[in-house]
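Contents: one structure, followed by commentary.
The values are calculated or read from the model by the stated rules, or taken from the named source; none is laboratory data. It should be emphasised that the depicted structure is a prediction, and the values quoted were computed from it without experimental measurement. Here Cβ is always computed from backbone atoms with ideal geometry, including for glycine, and neighbour counts include all displayed protein chains. We work out accessible area using only protein heavy atoms, side chains counted, and drop any ligands, DNA or RNA first. Shrake-Rupley method; radii C 1.70, N 1.55, O 1.52, S 1.80 Å.
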Amino acid sequence: MSKMLARCLLGLSALLPVLATAAGVAIIPQPQHLQPGQGSYWLDAHTRVAAPKDARSREIAAFLRAAIRAQTGIAVQEGAAAHGIELKLDPAVQGDEAYRLAVTPKRITVSASTDKGLFWGVQTLRQLLPLEHAAQVTVPAVTIEDAPAYAWRGVMLDVARHFYPVSFIEKQLDLLSYYKINTFHWHLTDDQGWRIQIKRYPKLTSVGAWRTETDGTRYGGFYTQAQIREVVDYARQRNITVIPEIEMPGHSVAAIAAYPELSCSKQPATVPTTWGVFKNIDCVGDEGTFTFLQNVLDEVLPLFPSKYVHIGGDEVPKDDWHDCASCQELMHKLGLKDEEGLQSYFIQRIQKYLEGKGKTMIGWDEILEGGASRNAVVEVWRGDDEARKALENGNRAIVAGPFYLDSPLLKLTVQNVFRTDITGAAPTLYTEARPQNAAVIATHRAQILGAEAPLWSERANPYNAESKLYPRVLAFAENLWRGNAHDDAAWADFHRRLQAQYPRLDAWHVAYGPEDRAVVQYAITADAKGGWQLHAQRGFDDLVNHYTLDGSTPTAKSPSFTDTVTLHHAGTLQVVPFRKGLRYDNPTSFTLVDNLATGKPLSLAQPPSPKYAPASALTDGVLGSGDFHDGQWSGWNDHDIDASIDLQKSTAIHSIAVDFLQDTGSRILPPQQVNFQVSDDGQHWTTLQTGQPKADVMSARPTEFHLVFKASKPLSARYVRVTATRYATLPAGFPDGAANTWLFADEILVK
Ligand code: ACM
Ligand code: ZN
């Protein structure tokens, strides 16, 4: 079919899906200036793409051709043509990332004074193409002049708590770049894993990249230097700068597990499997620490062309420095008042080292404690007081606090992200915008480079991470690119354009989340007939839950349900949400056990704390995991437990059991004593067994205690009672004394 004929036919059938019009243009982030034109440009296999001769421009042209082909199926060639697409370097387009895009029925021109601007122009052009594969597609006529409000538009991924393969990272770079995010902050090291190969210190990855989970499995992974180079170059091609973060002097237990000489105690350590802040940190009083860190940086810096390097610096408990002879000696030698001074000494020394290598240091806002030099860039996460301090100190700042993507979708909604003003001029959910801070922030606005949205991975993994990233990142990208519009009209307009993005995200197999609610929340209840009901509160109507009862990981072929399923048999229940064929999470697991207490009336002398599972979790026939947050553990704060169950008739009993948890870091201790009793009338009790769990309350290792009474021959009773008393006194060295401790109990099992 000739081009002319195709034009006529398509012109007659205005409803064909490939026909885009300027009225339907839905670009995110919205360009600063957009003027719809008349008609459309027809793109087909005759279209040519011309570009300046330099390597980067030609690379951008090749990227555009590949993108057109992937999206429409049309293979356009390189070359100049009167009616083609032209990429032009034009010094008249001012601004580091600025571009102009002109689409007319005759030609398409993308112009910019820099390759950065040229690439963003190409990304905007991609957003004007229809999704459909066709021999010819139209691009609506439009004139765009565009530039971002903020230069720093970043997303951070924590690959330490959970590991993400290179393929996952590259997929995210494709998506981030599509929405003009220009910075990927790669949080490469933390307590729970060291993820970057360092050739001089092979144990960082052979030891530090792996942890033994509570169930005995090994978890981990790391990136080789070749993989790091690959990702950095993949990002460069997409206009994204990769900033490495090597955490110091805290959040370093994985490194210390590999090289214990880094710590004050020099004692062996294991890579932790729990989250939180650990006191085991790099020893500032040992020169060997600096030799090590400088050697590490010497290998890291050549991998990352970025001018900036992130050294963490957050959440550094000073206890070990306080107790360490060499740290104390250094403190006195330097005439420092306290350990905060040591933190400042540490940070400034690393900063000088980096400056010597031509790099600018970034750190979390704690680097200001004790006074970091004003050349450092401060990543603000704790609130607008910290932003004010950083700005008054003369530092440049990146705002991260309002955009923590590990926050629940219900709390940090797409709309909250959209409406947050990073200059703090308007109060938002996450910035209190105290008047005195708002004034300072407004005065120093030029020092705010932009913002970053961090995804911490304690509860994120390669399956659920995209639901935390998207669509919130689209609102974030628009917020920073536009820099001003946060009102109702702007939100309504953004929300309309957002809907048009979902088919694209679907086409790219992105497991994006709902805009303002959880993907799914599971709850399980015991029913009176000895079975269970699993309930799913779904964030999407088209979400389907697949489950297994044999402990295997559910697939899209496993039995499924939408809202509720009744289960008649005990077993290991695993459930996974799916949507549009995509798996949305790791399995949620419930261990279902048959026993006589399930669903029977339970009375308690003292109810558990409303913060954790309700008392009914004790007799729901579902066992808790090692995680006290899993909705199965009931917790008592500074109270003993006294629980009785009415079996509703005289019953033959072979055994009674109950589980307790110890997690000293969270002030959860096992009971000092546990009693099992029975009764026929609920008034007069016979004690069957008094037991004391063998526990070391000082141990930091999370532990489960399973206490059992086994009858030598079955006994008969209607009521069963379990009492657990907490420690009357704790060892003198127990952190912060004996007040405010917890008992955590799960399932009372009667067989
Ligand atoms: C942080 O969230 N610890 C920077
Ligand atoms: Zn020390």
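What the table below lists for this structure:
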read-out: On Cα atoms only, tilt of 287-300 relative to the major axis of the chain in degrees; value: 40 degrees
read-out: Distance histogram for region 633-704 (every C-alpha pair counted, 10 angstrom bins, percent rounded to whole numbers); value: 15, 44, 28, 12, 1
read-out: Two-decimal log10 I(q)/I(0) for region 332-468, as the Debye equation yields it once each C-alpha is a single scatterer, q = 0.10, 0.14, 0.19 Å⁻¹; value: -0.40, -0.72, -1.07
read-out: Long-range Cα-Cα pairs in region 126-169 (distance over 13 Å), rounded percent; value: 76 percent
read-out: Förster radius 22 Å - calculated FRET efficiency between GLN225 and THR360, Cβ distance, rounded to 0.05; value: 0.45
read-out: CD proxy at 222 nm, helix term only [per DSSP H run n ≥ 4: -39500 (n - 2.57); per residue of the chain; nearest 500]; value: -7500 deg cm²/dmol
read-out: Solvent-accessible area of VAL473 with every protein chain in place, 1.4 Å probe, in Å² to the nearest 10; value: 0 Å²
read-out: Which of TRP685, TRP481 is most accessible, then next, and so on - probe 1.4 Å; value: TRP685, TRP481
read-out: 0 to 90° range, to nearest 10: angle between helix 339-356 axis and the chain longest Cα axis; value: 30 degrees
read-out: Region 58-184: relative contact order in percent, alpha carbon pairs under 8 Å with at least 6 residues between; value: 23 percent
read-out: Rounded accessible area of ARG58 (nearest 10 Å², 1.4 Å probe); value: 120 Å²
read-out: Cα-based Rg / Dmax (Å) for region 325-399; value: 13.1, 38
read-out: Å³ per residue enclosed by the Cα convex hull of region 616-655; value: 113 Å³
read-out: Cut-off 11 Å between beta-carbons: net charge of the residues surrounding PHE676, Lys and Arg +1, Asp and Glu -1; value: +2
read-out: Descending semi-axes in whole angstrom, ellipsoid equivalent of region 14-171, from the Cα gyration tensor; value: 26, 20, 17
read-out: Surface/4 of the Cα convex hull for the chain, nm²; value: 37.1 nm²
read-out: Distribution of pairwise C-alpha distances over region 585-659, 10 Å bins, in %; value: 17, 49, 27, 6, 0
read-out: Spread of Cα-to-Cα distances over 5 Å intervals beginning at zero, given as percent, for region 218-296; value: 3, 13, 20, 18, 16, 14, 10, 5, 1, 0
read-out: Region 718-751 residues near the modelled ASP323 label - backbone nitrogen below 13 Å, point 7 Å along Cα→Cβ; value: 732-736
read-out: Region 163-256 - Rg and Dmax from Cα coordinates, angstrom; value: 14.3, 42
read-out: Region 525-560: trypsin sites (Lys or Arg not before Pro) falling in loop per DSSP and having at most 14 other Cβ within 10 Å; value: LYS529, LYS557
read-out: Sorted peptide list for 618-624, 504-510, 143-149, criterion being average Cβ within 10 angstrom, highest first; value: 618-624, 143-149, 504-510
read-out: In Hz, Karplus ³J(HN,Hα) per residue of region 605-612 (6.51, -1.76, 1.60; θ = phi - 60°; x = Gly, Pro); value: 5, 9, x, x, 5, x, 6, 10
read-out: Equivalent ellipsoid semi-axes - Cα gyration tensor, region 430-532, angstrom; value: 35, 20, 15
read-out: Solvent-accessible area of TYR308 with every protein chain in place, 1.4 Å probe, in Å² to the nearest 10; value: 30 Å²
read-out: Base-10 log of normalised Debye intensity for region 186-324 (one unit scatterer per alpha-carbon) at q = 0.11, 0.12, 0.13 Å⁻¹; value: -0.40, -0.47, -0.55
read-out: Heavy-atom accessible area ranking, 1.4 Å probe, most first, across THR420, THR651; value: THR651, THR420
read-out: Using θ = phi - 60° and Karplus 6.51 cos²θ - 1.76 cosθ + 1.60, couplings along region 185-194 (whole Hz; Gly, Pro as x); value: 9, 9, 7, 8, 9, 6, 3, 8, x, 9
read-out: Convex hull (Cα only) mean projected area of region 540-637, reported in nm² to one decimal; value: 7.5 nm²
read-out: For region 566-720, the spread of Cα positions along each principal axis, largest first, Å; value: 58, 41, 29
read-out: Peptide ranges 209-221, 440-452 listed from the most packed, as the mean C-beta count within 10 angstrom indicates; value: 440-452, 209-221
read-out: Radius of gyration and maximum dimension Dmax of region 100-181, Cα, Å; value: 16.2, 52
read-out: Acute angle (nearest 10 degrees) that the helix 3-12 long axis makes with the longest principal axis of the chain, alpha-carbon atoms; value: 60 degrees
read-out: Over 25 Å between alpha carbons, listed pairs LYS180/LYS468; LYS359/LYS468; LYS307/LYS352; value: LYS359/LYS468
read-out: Value of relative contact order over the chain, rounded to a whole percent, pairs C-alpha under 8 Å and six or more apart; value: 8 percent
read-out: Packing rank of 250-259, 565-574, 704-713, where each peptide gets the mean count of other beta carbons within 10 Å, highest leading; value: 250-259, 565-574, 704-713
read-out: For region 283-348: span of alpha carbons on each principal axis (Å, largest first); value: 38, 21, 19
read-out: Whole-Å semi-axes of the ellipsoid equivalent to region 479-618 (Cα gyration tensor, √5λ, descending); value: 38, 21, 11
read-out: Fraction of alpha-carbon pairs over 13 Å apart in region 170-222 - percent; value: 66 percent
